[in-house]
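None of the figures in this text is laboratory data; all of them are computed from the coordinates on show. All values reported here derive from a predicted model rather than from experimental measurement. A quick note on method: Cβ atoms are made from the backbone with ideal geometry, for glycine too, and the neighbour counts reach across all protein chains shown.
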Ligand code: MRU
């Protein structure tokens with residue numbers, strides 16, 4: 001099976017949205033239909049759909065779906081309800097900026113429409129556009145990222161920044177799919193990613209389907225694996241990149257960046273421009289989601305810690321910009337000087353090579 005056979009995580013069906021239930025993978029491949037705004041909110045909050053771009057795409061369809069049912073001809077009433085529903089969906093998760101980026105893109109599209117009917121159509125078209133663009137963007141990220149690796153390289157990653165976390169291809173995993181297409185052998189070492197195991201459940205599942213060489217390790221095996229298996233580089237996705245390059249990604253990413261520095265290997269972040277939040281100055285301004293203690297006290301539904309234990313469960317951490325060798329985007333690879341280089345990416349119409 002090649003990478004194109006990997007299922008899409010989100011599909012627009014006119015009357016509802018179908019998502020691949022990422023909570024149940026890999027033991028069960030289940031698709032669920034989302035019919036209401038509440039369904040969409042719940043699916044995002046409970047990680048049935050997850051990964052920054054996939055969250056944005058799902059929320060965009062959710063808002064377009066809800067708005068298609070507003071029974072008003074008055075533009076101001078339509079816009080008021082749209083804003084209310086936008087705010088509700090935006091409350092599903094706080095860290096991945098793609099959620100807000102996608103919702104705000106939809107609101108802007110609707111607000112420039114001359115009538116309610118036109119706004120309803122614009123919303124659906126804009127949501128579809130976001131998904132189509134993301135596939136293209138991820139492929140471009142993969143092409144740039146692939147230039148950073150040599151045949152035979154062993155690369156470590158955490159969480160799932162793969163095809164099902166995006167429209168297709170993924171961000172951090174995109175170079176491995178493209179390498180496979182081009183017959184270049186790369187090996188991936190995937191951290192299991194406690195507490196909810198996106199690495200063990202999703203990254204290995206995706207890469208194995210595409211025939212990419214992947215080895216699973218637990219999170220606490222990272223240092224030993226870098227040393228013993230001669231890891232050449234670490235590549236991760238991102239949930240939000242501040243203007244200065246500080247990057248929020250799945251908990252454990254910061255530790256990997258410190259290990260990369262200590263071992264003298266490159267630490268790469270692969271992310272679309274939709275994940276770069278120019279309005280957020282530094283990582284200190286990024287809200288870090290804290291999730292339910294059950295994710296830590298339980299493993300696959302089975303309690304593994306004493307009842308009543310204190311739990312701290314941050315879903316993300318922030319890697320300071322100085323630990324990031326390069327940020328790989330659809331418009332090129334940025335190496336350092338993020339404060340000026342990242343904003344300038346938005347001004348570039350054309351793609352360009354390394355800056
Ligand atoms: O909590 P999750 O599973 O949504 O966290 C996802 C990540 O941290 C990913 O690395 C990130 O969203 C990039 S997905 C292309």
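Ordered by packing density, taken as the mean number of other Cβ atoms within 10 Å over each peptide's residues, highest first, how do 322-332, 286-296, 15-25, 262-272 rank?
The most tightly packed comes first, giving 322-332, 262-272, 15-25, 286-296.
Output the peptides 238-247, 115-124 sorted from most to least packed, where packing is the average of other Cβ atoms within 10 Å over each peptide's residues. Write out the running numbers ahead of the final one.
Working: 238-247: 26.1, 115-124: 17.6.
Highest-to-lowest ranking by the protection proxy: 238-247, 115-124.
When ranked by the protection proxy of mean other Cβ atoms within 10 Å per residue, highest first, what sequence do the peptides 71-77, 131-137 form?
Result, highest mean Cβ count within 10 Å first: 131-137, 71-77.
Treating the chain as a set of equal point scatterers at the Cα positions, no solvent, please give the Debye-formula log₁₀ I(q)/I(0) at q = 0.09, 0.11, 0.12, 0.15 Å⁻¹.
For the chain, the Cα-only Debye profile gives -0.47, -0.70, -0.84, -1.30.
In the chain, what percentage of the DSSP-assigned beta bridges are antiparallel, given to the nearest 5?
50 percent
Over segment 140-347, what number does the Rg to Rh ratio reach, with both radii from the alpha-carbon atoms and Rh per Kirkwood?
Taking Rh as the inverse mean 1/r over Cα pairs, Rg/Rh reads 0.96.
For segment 3-98, build the convex hull from the C-alpha positions and give me its volume per residue in Å³.
On the way: hull volume 9.9 nm³, N = 96.
That works out to 104 Å³ per residue.
What ranking do 346, 149 get, fewest neighbouring Cβ atoms within 10 angstrom at the top?
346, 149
How many angstrom lie between the C-alpha centres of segment 98-156 and segment 43-93?
Between the Cα centres of segment 98-156 and segment 43-93 lies a distance of 16 Å.
Per the Debye formula with a single identical scatterer at each Cα and no solvent contribution, what log10 I(q)/I(0) holds for segment 190-297 at q = 0.10, 0.11, 0.17 Å⁻¹?
The Debye formula, applied to the Cα set alone, gives -0.33, -0.40, -0.94.
Could you give the length gained on full extension between residue 72 and residue 213, defined as 0.36 nm per residue of separation minus the Cα-Cα distance, in nm?
Once the chain is fully extended between residue 72 and residue 213, it gains 45.4 nm.
What does the extension gain come out to for residue 13 and residue 143, with contour length at 0.36 nm per residue minus their alpha carbon separation?
Stretched fully, the residue 13-residue 143 segment lengthens by 43.7 nm.
Taking the beta-carbon count within 10 Å as an exposure proxy, list 177, 144 from fewest neighbours to most.
So the residues, fewest neighbours to most, are 144, 177.
How big is the gap, in Å, between the Cα center of segment 256-303 and the Cα center of segment 201-221?
Taking the Cα centre of segment 201-221 as reference, the centre of segment 256-303 is 19 Å away.
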